[in-house]
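Read-outs: derived from the displayed coordinates by stated rules, not from any lab. This one's a predicted model, so the numbers in the text were calculated from it and none came from an experiment. All Cβ positions, even for glycine, are placed from backbone atoms using ideal geometry, and neighbour counts span all protein chains on display.
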């Protein structure tokens, strides 16, 4: 079955076959055969993927019978496992990949400890019984307690700004934030009652939206919507937006932050909306625990309504309309950013660019973004 990707411009939508975005140069970095994806941190074919796993995990020591410079191609890749393995390591392959799956499936030490207080009751209650939180204060306290701390990008301030340096720092920041998003999602009331495969799917589909929404909030609180506050050590002013090669995307994200300013979004509203955005895009074919997902999402919508009622004496319905519009407006921003990110990743694999992609971000971009861009996932909007 043919797989297609969609690109958008101001006048119309265009549909291109997947091959359009994977030029002939998209070959295995080890043997030059056609690559099947990003495996263990590098773009490789299936054969080299399997070889690396077996060779790196095994205890056998390979020795080259020549001068450690054997030709490794599709026909001769099995001739010298020593040189082939060396090529794998030189390409950046490591067994530390597939971190996202491990992070989701493995419990952290604190998760094995018995919890105290209202979280016990909340986490175990199913949506079918209404997911009745003891009080508004309890619910908000949970969301506040699991909100990740702001992380640094590790950007080198001593180096002159360049597109490659800024984009690489954004990718490094994305990797760090993705780990935080996973831990945060697992702490949300009801999330771990989803089928474990659905937990993975939900995060894989919504991570970028959650991050962009968080960026909007930080830019609102720290820069009043005038600049993009990616991290304390990575703030984009107009100059950096132009240099980064993603000016249009920066403008859209800054506009989102300015909507925060215009609406004077409260922290309680932000925490509820951010949680709700985790449940705002799903596969077209649905989830294994779709009914539970739908009820859980409805519960969070109701909680947002309660937050609004709790903090306002009038115009509650208008406020709910404004905030749901704000969440809907995020989706096209993220969709365009996903396309940009995927195109940049493909370029980085086939061209001598200096933009680096950490392994977990590389995996989720190469494996899961194409599914979203091909229309195999759909955002859940409040307004048509």
message = Once you order the gyration tensor axes a ≥ b ≥ c over the Cα atoms, which shape class does the stretch 225-384 get: rounded for a/c under 1.5, otherwise prolate or oblate by comparing a/b with b/c?
response = oblate
key: For the stretch 255-305: rounded, prolate or oblate by the Cα gyration tensor [a/c cutoff 1.5]   = oblate
Estimated FRET transfer efficiency (residue 138, residue 82; beta-carbon r; R0 45 Å; 0.05) = 0.15
request  = When a/c is below 1.5 the answer is rounded, else prolate if a/b is larger than b/c, else oblate, so apply that to the stretch 184-280 with a ≥ b ≥ c taken from the square roots of the Cα gyration tensor eigenvalues.
outcome  = prolate
request  = Provide 376, 344, 178, 63 in ascending order of the number of other Cβ atoms located within 10 Å of each residue's Cβ, fewest first.
outcome  = 63, 376, 344, 178
key: Sorted by Cβ neighbour density within 10 Å, fewest at the top, the residues 261, 50   = 50, 261
ask   = Which whole-angstrom value gives the distance between the alpha carbon centres of the stretch 134-206 and the stretch 230-277?
value = 15 Å
